């Protein structure tokens, strides 16, 4: 009745996962108990869990991303600690557990840390910057988030029920086939990524449609903020690339469950085709994550340099060039597979060419700062840290694009250092820059600058201290994923990297303290104007936090920097524009469709992992019934009266008028 599930699935003989799992369960039960007994459940259900407001969903994505980044970082601590003590000894992690840890680290960081973080920022910011009231498909947006959360839940369930994959974050055959991975670890990976991937694909369709079809009056493509351009490119990549991943993992699933032979070499399949297909998704995925990061840096650097973005149109062209070129470089991930010198040479050249539009962006950011009045706030520090570290990581990427060099360095820790050097700086630094930059817009108060800067310096220092030694030890021949080693020349560099993780951990603690201190001191950090940074795009025209309808009247756009033009006109004329004529606004109703679909998706995923067929059938039936009920709804929208809209907007106008008067008094 329970398929392969039995008491032996619990890690009763492994103290580390048992204790970690028990601690997580206790914390979760404590949080749930506090929510219920403190009476917060009705508020959470109405305002967050069933919300279809893009701002609430964006915040939930970011929270999920931050939690999973911490979860993934805990794997880093375990891996670096293991290597620090595993010189000529087995260390404290057995090989099978160590393999699960490095697989979970990569999977969690990419799919459930970085992806939700970046998608959350896009969800929150893009409709505000476009001057619209929500995304194109609000309920679909909720479903997308909750399916992503389902995938994250399944990965973490493997910590205490069964096992996770031991294949690395890309489950390449034949290792991932049933012959070599007969347990449920690969199945956890497959179902978690497939379910979350469906959510990501729906999110990509949603945001692409929003950007292409729902801009404010007068906002042509070349009047969109740079973040919207990078979000468009990223989501076009999602729409084009994620079906490749879905199809590839579906074929591997058929191999494992029904005895198909897509990737079994001895039965007519081709395991190398898996590598081609996976990386045909995998390298666009790099830019799915990095391009919105570039957009964050463009917004932050322009705002805190008090200047328009330098060469805006060249930045747009560079973004779209990266979009196209990202599908032409995947083979550099396996030069050593043997495609031949001509093929390797072509992909080596394209891998070098894609560095050109990225270089254009770096120069544009530098020229934006040149001659500007630069303010070194925490978001700006993250942006500057990115520029410095990313240039180093990009240079090592160009080196690895040379096939002969890659033959020497492939699968070494040099490659690991390059990947992290690029992705952490382009994605995680961007996430923290955007988190600090838009936090006051989301919650109405700024984050504490002192703790924010401490987090930045500890994080960047630790980041360099971890990965600079890995470049060296990679050149000395140390390969990735080693559970133990006995080469004395490697040991000092491994210990240095382990010390760097301690410094990074202090940075993580500072980030948490910053949030706690900011919440406790939120009244003195309050943003009453809606524009705490003297911003240049339309999100800063709304109150902080914005009302459910975002804009009382959809703005008319007349230039590249929509809000900056309006603000400068008000400063020149020393008054706000005339009060608009207010009308009632229709907004989508909340829906439990997303969270209910996530419940059934979790049921189906868990049942398929453990071969509990009757449970899988019930889950599919429940998911189908949920969609039928959603499709037959009678009411899909509610109306916000004109009086309510006017009240919100007049309060916002009053704070802006006071800020304008204060500016006049200072000038006098």
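The values are calculated or read from the model by the stated rules, or taken from the named source; none is laboratory data. The structure displayed is predicted, hence computed values, not measured ones. Using ideal geometry, Cβ is built from the backbone for each residue, glycine included, and neighbour counts are taken over all protein chains shown.
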For this session: Looking only at segment 90-132, count how many residues are modelled with pLDDT under 95 and part of a loop (DSSP other than H, G, I, E, B).
Result: 5
Exercise. If you scan segment 40-54, which residues turn out to be surrounded by fewer than 21 Cβ atoms within 10 Å (Cβ to Cβ) and within 24 Å of the chain's Cα centre (by Cα)?
Worked result: 44, 47, 48, 49, 50
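Consider residue 475 carefully, then state whether it is crowded, with 19+ Cβ neighbours inside 10 Å, more than 20 Å from the chain's Cα centre (by Cα) and at pLDDT 95 or above. Working first, answer last.
Values: crowded, with 19+ Cβ neighbours inside 10 Å: no; more than 20 Å from the chain's Cα centre (by Cα): yes; at pLDDT 95 or above: yes.
Judged against the criteria, residue 475 is not a match.
Quick check on this structure: which one of 417, 430, 454 is assigned to a helix (DSSP H, G or I), within 27 Å of residue 56 (Cα to Cα) and either out of contact with any strand residue (DSSP E or B) (no Cβ under 9 Å at 6 or more places or on another chain) or touching a residue at least 12 places away in the same chain (Cβ under 8 Å) (or both)? Talk me through it step by step, then tell me what you get.
Values: 417 fails: within 27 Å of residue 56 (Cα to Cα); 454 fails: within 27 Å of residue 56 (Cα to Cα).
Checking each option against the conditions leaves just 430.
Just wondering, is there one or more residues in segment 183-190 that are modelled with pLDDT of 95 or more and assigned to a loop (DSSP other than H, G, I, E, B)? So that I can check it myself, show each step before the final result.
Step one: list which residues in segment 183-190 are modelled with pLDDT of 95 or more, which gives 184-190.
Subsequent filtering for residues that are assigned to a loop (DSSP other than H, G, I, E, B) retains 184.
Yes, there is a match, as at least one residue in segment 183-190 is modelled with pLDDT of 95 or more and assigned to a loop (DSSP other than H, G, I, E, B).
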Seminar exercise, completed: Conditions (1) in a helix (DSSP H, G or I); (2) touching a helix residue (DSSP H, G or I) at 6+ places or on another chain (Cβ under 9 Å) -> residue 255 fails only (2)
For this session: Determine which single condition residue 404 fails, assuming it passes every other condition in (1) surrounded by fewer than 18 Cβ atoms within 10 Å (Cβ to Cβ); (2) touching a helix residue (DSSP H, G or I) at 6+ places or on another chain (Cβ under 7 Å).
Result: (2)
Seminar exercise, completed: Cβ pairs under 6 Å, 6+ apart or interchain, first in segment 107-121 and within 17 Å of residue 198 (Cβ to Cβ), second at pLDDT below 95, ordered by first then second residue, are 107/169
Seminar exercise, completed: Taking segment 377-398 and keeping only residues that are more than 23 Å from residue 309 (Cα to Cα) and surrounded by 14 or more Cβ atoms within 10 Å (Cβ to Cβ), one is left with 392, 393, 396, 397, 398
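I'd like to know if segment 11-20 contains one or more residues that are without any contact (Cβ under 8 Å) to a residue 12 or more places away in the chain, in contact with a helix residue (DSSP H, G or I) (Cβ under 8 Å, 6 or more places away or on another chain), surrounded by fewer than 17 Cβ atoms within 10 Å (Cβ to Cβ) and assigned to a loop (DSSP other than H, G, I, E, B). Lay out the reasoning, then the answer.
Pass one, segment 11-20, residues without any contact (Cβ under 8 Å) to a residue 12 or more places away in the chain: 12-13, 15, 19.
Now narrow it down to the ones that are in contact with a helix residue (DSSP H, G or I) (Cβ under 8 Å, 6 or more places away or on another chain): 12.
Okay, now just the ones that are also surrounded by fewer than 17 Cβ atoms within 10 Å (Cβ to Cβ), so 12.
If we keep only those that are assigned to a loop (DSSP other than H, G, I, E, B) as well, we get 12.
There is at least one residue in segment 11-20 that is without any contact (Cβ under 8 Å) to a residue 12 or more places away in the chain, in contact with a helix residue (DSSP H, G or I) (Cβ under 8 Å, 6 or more places away or on another chain), surrounded by fewer than 17 Cβ atoms within 10 Å (Cβ to Cβ) and assigned to a loop (DSSP other than H, G, I, E, B).
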Problem set entry | Residue list for segment 589-618, restricted to those being without any contact (Cβ under 8 Å) to a residue 24 or more places away in the chain and under 24 Å from the mean Cα position of the chain (by Cα) | 599
For this session: Considering (1) assigned to a loop (DSSP other than H, G, I, E, B); (2) within 22 Å of residue 425 (Cβ to Cβ), say which one residue 219 fails and leave the rest.
Result: (2)
For this session: Could you grab me the full set of residues in segment 165-207 that are free of Cβ contacts under 8 Å to residues at least 40 places away in the same chain and crowded, with 23+ Cβ neighbours inside 10 Å?
Result: 204
Seminar exercise, completed: Residue set 623, 651; condition within 30 Å of residue 9 (Cα to Cα) and assigned to a helix (DSSP H, G or I); output residue 623
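Give segment 457-487 a look and list any residue that's part of a loop (DSSP other than H, G, I, E, B) and touching a residue at least 40 places away in the same chain (Cβ under 8 Å), or say none. Show your work before the answer.
We begin by selecting, within segment 457-487, every residue part of a loop (DSSP other than H, G, I, E, B); these are 476-478, 480-484, 486-487.
Selection gives 477, 478, 480, 481, 482, 483, 484, 486.
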Seminar exercise, completed: Apart from one, (1) in contact (Cβ under 8 Å) with a residue 24 or more places away in the chain; (2) assigned to a helix (DSSP H, G or I); (3) surrounded by fewer than 21 Cβ atoms within 10 Å (Cβ to Cβ); (4) over 26 Å from the mean Cα position of the chain (by Cα) all hold for residue 374; the odd one out is (2)
Problem set entry | Filter result for the condition that a residue is closer than 25 Å to residue 109 by Cβ, out of contact with any strand residue (DSSP E or B) (no Cβ under 9 Å at 6 or more places or on another chain) and surrounded by 17 or more Cβ atoms within 10 Å (Cβ to Cβ), over 348, 293, 269 | 293
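Per-residue answers, yes or no, for (1) closer than 30 Å to residue 1 by Cα; (2) surrounded by 15 or more Cβ atoms within 10 Å (Cβ to Cβ):
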residue: 559; (1), (2): no, no
residue: 583; (1), (2): no, no
residue: 589; (1), (2): no, no
residue: 601; (1), (2): yes, yes
residue: 606; (1), (2): yes, yes
residue: 609; (1), (2): yes, yes
residue: 619; (1), (2): yes, yes
residue: 630; (1), (2): no, yes
residue: 639; (1), (2): no, no
Exercise. What do you reckon, is residue 93 surrounded by 17 or more Cβ atoms within 10 Å (Cβ to Cβ) and more than 28 Å from the chain's Cα centre (by Cα)?
Worked result: yes
Exercise. What is the number of the single condition among (1) in a loop (DSSP other than H, G, I, E, B); (2) out of contact with any strand residue (DSSP E or B) (no Cβ under 6 Å at 6 or more places or on another chain) that residue 549 does not meet?
Worked result: (2)
